[in-house]
Structure formats: structure tokens, C-alpha cells
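A short write-up of the structure that comes next.
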Amino acid sequence: MHSQQDFLRDAMHRLNLTRDRFADRLGIRRRALDTWLLPSDSSESRAMPDMVEKFVLEILRHAAQDGQGALAADSRAAQPLAERIAFEGKPQLLSVSQFDRDSLEALFQVADIMQPIARRQKVSRVLEGAVLGSLFFEASTRTRVSFGAAFCRLGGTVCDTTGFTFSSMAKGESIYDTSRVMSGYVDALVVRHPEQGSVTEFARATNIPVINAGDGPGEHPSQAILDLYTLQREFSRLGKLIDGTHVALVGDLKYGRTVHSLIRLLSLYQGLKFTLVAPSSLEMPSYLLELVARQGHVIEQTQSLETGLHGADVVYATRIQRERFNGESIEGYAPDFQVCKSLVDAVCKADTILMHPLPRDGRPGANDLSTDLNYDP
Ligand code: NCD
């Protein structure tokens, strides 16, 4: 039998990939790959998860089967990222469906490069003179401020309007008119709006970059991209892969746009198991369930937190979006239905990752992530 080291070396050789490119292809950190490639008697050497072998074999099978396809993919990879993920030919980000696995990983590489700038260890003025228009017609703290802060850190400035009351939409102005006029003043728009599909309407009215910062119960692409980026970094620390992982999504899966975008992005990976834990009136929309099932993932729906969280590698909890309720009742959804420390200690693994897009409803009796987990590592 081949050793793990021979197997990986042979695969890199056959795929004609460097260690860096191979690690990217697997969606893991170069460091994790290095530890798998060390001689097995070295103290730093680590056994690779079984899933990696399956995944590598799958990549090899695809590469052999479809040389033509690989050539096409290479020419796509040579295209600038903004073109690869364009929306109707424009540099706009409206849905995570604009990504495939390669473009997502290319974006993560850009994020890696930006980290020292975000931490102010490096300075970039690449957006000097540029103006971002930030239009938030719904409540927001982190999305609005983080987009604004990112733009400012890169040397640009931000003009914003928040809520309907203080914008011309309160005077009956259409999305089309607002978008056309704004694009005469600013170089890019970040938009949050309570209606699904509304940000796409903004985007279609202009040629400037438009980013969807949440369109009602539709999508929240930037949140999902950063969730996946976080996950990938944590997994590479743990030597785990996103392929084959078990993710529990908890809370309001009907109206929670962050989970809508996240489940789509995770579906780009292979062989996942999703357990969806929601009150029966707030289950994941069926169009998303069908999409995920078509990609060959396993989906289990339950109303029991114990069942849903058992053995999960990732628990992603969300807030109940009462402001979007349309007559739904969550009666029977008891106050003790909560992801809390005693539950996590009882059913999760030591390395289970707990996530939440925030904001968390911290009021007494809220069915949200409990504050008794604040000091959980
Ligand atoms: C979420 C949103 O607005 O969709 N927050 C966020 O932007 N990170 C989640 C929520 O409101 O519950």
C-alpha cells in the first residue's frame, strides 16, 4: 500500500500542481498539507483525514476524464476574478450563485492579502478619491460599518443614507431613479433593502459596482463569504476539510438570509451533511432544499436541538427574524429551545465550531445563542 506521502506527491505530480496550488485546490492551508507530507516518523507529521483521499481521487478522476474541461477551467482561471464572478457582465455582487469553488478560493486569496491592511500593519490607499454610496433601508450595525470602514481603510470616503425616512424613497422615488441618480455621485453602491430581489433592481439600473448587503429574506452574500472564510481558516488549524463536514443550521431558516447564502456556498463543496433545526413554521425554503439535494448533499430536518447538534462539526445559530413574520406562529417553540452551554457540552464535540452572523437577540426568553457560551473557546 502507498503511504499517504507518496499518494499526495503522486497526485500533485499528475495534476501538475505546486504545493501551494494543490493546497488551494483542496481548500486547505499550505501548512496542513506540509504536515501530511512529512515522513510519518516525524513528530510534526499528521495523518490526513480519510475524506482527503476520497477528494483527491475524485479530482484525479475528473482531471483524467475531462482534459478539455480542464483546459477551459484554466482559461477561466486566467480571467480577472471580477470578470469571473460578474453579474450580467457587470462588476456587481448580488448572489453567492455567482461563485464556483475556484473563484471563491481565488477571492479568499485576495482576503489573505488584505488581512494586514485590515489590521493596520500595512497601509493601502488604493481607493484614494473614490466614494462609496452606502444605502441601508433596514437596520444594520456591522454590515454598514464594516463596508464603510473597509472603504475608508483603503483610502476612499463614504456617503450614506439610512432608513426610508431620511431618503427620497419616503417621497415615493423608485429604486430605478434612486440608483440612476446615486451612480452619478458615487463610484460604488452597497445596498440593504427589505424586499427580496430589490438590490438586483438597483444593480440593473446602473453600471457601477453594486453589492447586496441583504435583500429581505433573499441573500446576504458578503456575510456567507466571510463565514466560509472563517470556517476554512479554523478548519485548516484543525486539519479538517469542508468537504464531508457536518453543519447544523439553527433558528429562523425561512427568513434568515445569511443561512440562505451560506447553504448555497457550502454546497459548492462535496459530501456535506446538513442538519436543519427550526420551528416547523420557519423551515428552510424548499427551493434551497432542492438545490442542495441536487448537489448530492445529505439534508436532515429536525425540531430537536439535541438530535440536530449531535456530532456536528459546525453549529451555525441564527436570530428569529420576527420583523419579517407574515402571520407565522412559533408557539410551542419554548424559551428553553436555545443553543446554550449545557446543550453544547452534552452533544457537541470538543472541536465543534460555534458560529452566529450576529446580531444576537440577548433579551430574556429569546431563542438565540445563549450568553453563557461567551467564554467558550
Ligand atoms: C444579519 C442580517 O441582517 O441578515 N446580520 C448581518 O448582517 N450580519 C442577521 C440578522 O439580522 O439576524
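Got the relative contact order for the chain handy, in percent, Cα pairs under 8 Å and 6 or more residues apart? 12 percent. Once the convex hull of all Cα atoms in the stretch 221-373 is built, its volume per residue stands at 106 Å³. The stretch 188-259 and the stretch 128-162 have Cα centres spaced 18 Å apart.
Solvent-accessible area assigned to carbon and sulfur over the chain amounts to 51 percent, based on a 1.4 Å probe.
Accessible surface calculations at 1.4 Å, restricted to protein heavy atoms, place the chain at 50 Å² per residue.
Each peptide in 195-203, 176-184 receives the mean, over its residues, of other Cβ atoms within 10 Å, and ordering these scores from highest gives 195-203, 176-184. The phi-based Karplus calculation (6.51 cos²θ - 1.76 cosθ + 1.60; θ = phi - 60°) puts the 3J(HN,Hα) values of the stretch 235-249 at 5, 5, 5, 8, x, 10, 10, 6, 4, x, 7, 10, 10, 9, 9 Hz, whole numbers, x for Gly and Pro. When nucleic acids and ligands are ignored and a 1.4 Å probe is applied, residue 167 ends up with an accessible area of around 20 Å².
Between the listed residues 269, 235, 209, the Cα displaced farthest toward the positive end of the dipole of the chain, a dipole computed from Cβ unit charges relative to the Cα centre, is found at 209. Straight-line reach from residue 254: which lysines have a Cα under 26 Å away, not including same-chain ones fewer than 8 places off? By straight Cα distance, residue 254 reaches 273, 341. Across the stretch 157-169, coupling constants 3J(HN,Hα) worked out from phi with the 6.51/-1.76/1.60 Karplus curve, θ = phi - 60°, read 10, 10, 10, 9, 9, 10, x, 6, 3, 9, 10, 5, 5 Hz, and Gly and Pro carry x. Residue-wise HN-Hα couplings along the stretch 295-305, as the Karplus relation 6.51 cos²θ - 1.76 cosθ + 1.60 with θ = phi - 60° gives them from phi, are 7, x, 8, 9, 10, 10, 10, 8, 9, 9, 5 Hz; Gly and Pro carry x. Here the relative contact order of the stretch 118-242, from alpha carbon pairs under 8 Å that lie six or more residues apart, stands at 22 percent. So for the chain, what percent of the C-alpha to C-alpha distances run longer than 30 Å? Beyond 30 Å sits 45 percent of the P(r) for the chain. Over the residues of the chain, the helix contribution to mean residue ellipticity at 222 nm works out to -12500 deg cm²/dmol, using -39500 (n - 2.57) for each DSSP H run of at least 4.
Less than 5 angstrom separates the built amide H of residue 158 from those of 132, all sequence-distant by 5 or more or on a different chain.
The values are calculated or read from the model by the stated rules, or taken from the named source; none is laboratory data. Just so it is clear, the structure is predicted and the values come from calculations on it, not from any experiment. All Cβ positions, even for glycine, are placed from backbone atoms using ideal geometry, and neighbour counts span all protein chains on display. Just so you know, the surface numbers come from the protein's heavy atoms only, side chains and all, with ligands and any DNA or RNA stripped out. Shrake-Rupley method; radii C 1.70, N 1.55, O 1.52, S 1.80 Å.
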